[in-house]
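As structure tokens, the structure follows; a few thoughts come after it.
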Amino acid sequence: LSQQGYSVSSQDAIANVCNLCSKIFSNKANLMHHVRVHTGEKPFSCPYCAHCSTSKGNLKKHIRVHTGEKPYLCNQCSYRTANKSDLNRHVWIHKEKNI
């Protein structure tokens, strides 16, 4: 079992171990993303400002600051947000009202 709780074969584990901190990853892509924590590499650049990111996904979230895109909608009111985690936190407002 890896440190993240994934089941990995011994051969996969050998291939996907960070040689800087010994963390085990379920695939090479996750390992490569993790290594950026150690190297400080941020290859994804914002076209609007000087912000750089370690992943495309994080850059996409950041770009919403500039574009105003709010793709996450509450199905119980008019609340919209750029971040899924903000929507998840917001939904509790409705759940608490029903308690």
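Picking from Leu73, Leu87, which residue would you name as being aliphatic (A, V, I, L, M) and surrounded by fewer than 15 Cβ atoms within 10 Å (Cβ to Cβ)?
Being aliphatic (A, V, I, L, M) and surrounded by fewer than 15 Cβ atoms within 10 Å (Cβ to Cβ) holds for just one of Leu73, Leu87, which is Leu73.
Taking Ser85, is it farther than 30 Å from Ala15 by Cβ, assigned to a loop (DSSP other than H, G, I, E, B), of a type in the set (Ser, Thr, Tyr) and free of Cβ contacts under 8 Å to residues at least 60 places away in the same chain?
no
For the range 62-83, does any single residue satisfy the condition of being of a type outside the set (D, E, K, R) and within 30 Å of Leu20 (Cα to Cα)? Working first, answer last.
From the range 62-83, those of a type outside the set (D, E, K, R) are 62-63, 65-68, 71-79, 81-83; that's our starting set.
Subset that is within 30 Å of Leu20 (Cα to Cα): 62.
For the range 62-83, residues of a type outside the set (D, E, K, R) and within 30 Å of Leu20 (Cα to Cα): present.
Laboratory data are not the source of any read-out in this text; all were calculated from the coordinates shown. Since the structure is predicted, the reported quantities are computational estimates derived from the model, not experimental observations. Ideal geometry is used to build each Cβ from the backbone, glycine not excepted, and the neighbour counts take in all protein chains shown.
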